[in-house]
Amino acid sequence: MDIRQSTNMNKIKNYIGAAVLGVTVMVIPSCSDTWDEHYGTKGENATSTTATLWDIISEDSNYSYFKEIAEKSTFYRDQEHPQVGYTFKDLLQGSMVTTVWVPTNDALTTSEYNNWLNLAETKGYTVQQQFMANSIALWRQTAIGGGSMVDTITMMNGKKMVFDKKALTMQGVNIDPENKNITASNGILHVVDKPLPFKYNLYEFLKDEENAKANNMMKFHNFL
C-alpha cells in the first residue's frame, strides 16, 4: 500500500469514527440532562414549580409518618444489594420523575408506623417492596380527564395496580379529591386514606415468616 492509499484509508477511518461519535452523542443523554427532560410528560402535566416531592412531603405534618419511614428506608437495587447511603428521601428529592401515593398519618396506626420503622433497620428490602416502592410509580400519573379513565400502573416494586381516575381510587384505595394531582418539579403526589395494598406472589408469601408461621408453611419458608 503506497502513502496516498494509506492516507486515504486514515481519512476514511476518521470520517467513520466522527460519524459514530456523532450518533453516540445524539443517543446518550447529556450528564446535565434531568430525568424530567427525557422521561417527564409535556403539555398539561408540565410544571415550573421548584418544590420537589420530598419538599411537599416534608413540609406537611400530616405526612410525617411516611416521611420518617422514607428517611430510614435504604433503596435496594435487588434483595442482596442495598444502595448504601441512598434512601427513599434521596429518590423523592432527586431528578427522577415519579408519582407517589402518600398515606396520611391517620391512615397508619401507631403500631404499623413503628413496625415499618423497625423493619427499616432490620429488613430494609421488605419495607421497600411492601411499602415504599409499593407507593411509587415512574412518570407522572395524573387523575385528569382525557384518554383512558382507568389505567393499569406498574409500581416501582413491579406490582400492577388499577388507577381509576373517575372513581378517584388506586387499587381500591380512596384518593383525597382535595389533595390529588399535587404537582412537584419531579413528579405528582396523590394523598390516600390508607396504604396501597401489597399483593404477594407465592414466593413472597412463603418468604414472609409471619405468613409462613400463620399457615404452617415454615418448612417451605426455611427451604427458600
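Residues that are out of contact with any strand residue (DSSP E or B) (no Cβ under 9 Å at 6 or more places or on another chain), closer than 22 Å to Leu138 by Cα and open to solvent by 70 Å² or more (accessible area, probe 1.4 Å) within region 59-116 comprise Gln79, His81, Gln93, listed in sequence order.
Does Lys165 meet the test of being touching a residue at least 12 places away in the same chain (Cβ under 8 Å) and either at positive phi or in contact with a Lys or Arg (Cβ under 6 Å, 6 or more places away or on another chain) (or both)? So Lys165 fails the test.
Scanning region 143-155 for residues that are surrounded by fewer than 21 Cβ atoms within 10 Å (Cβ to Cβ) and in contact with a strand residue (DSSP E or B) (Cβ under 6 Å, 6 or more places away or on another chain) returns Val150, Asp151, Thr152, Ile153, Thr154. When restricted to residues that are open to solvent by less than 40 Å² (accessible area, probe 1.4 Å) and within 13 Å of Ser135 (Cβ to Cβ), region 164-190 contains 7.
The combined condition, being of a type in the set (Gly, Ala, Ser) and over 21 Å from Leu189 (Cα atoms), is fulfilled by Ala120.
The values are calculated or read from the model by the stated rules, or taken from the named source; none is laboratory data. Not measured: the values here are computed from a predicted model. Positions of Cβ are generated from backbone atoms using ideal geometry, with glycine treated the same way; all protein chains shown enter the neighbour counts. For the accessible areas, the whole protein counts, side chains as well, though only heavy atoms, and no ligand, DNA or RNA atoms are used. Shrake-Rupley method; radii C 1.70, N 1.55, O 1.52, S 1.80 Å.
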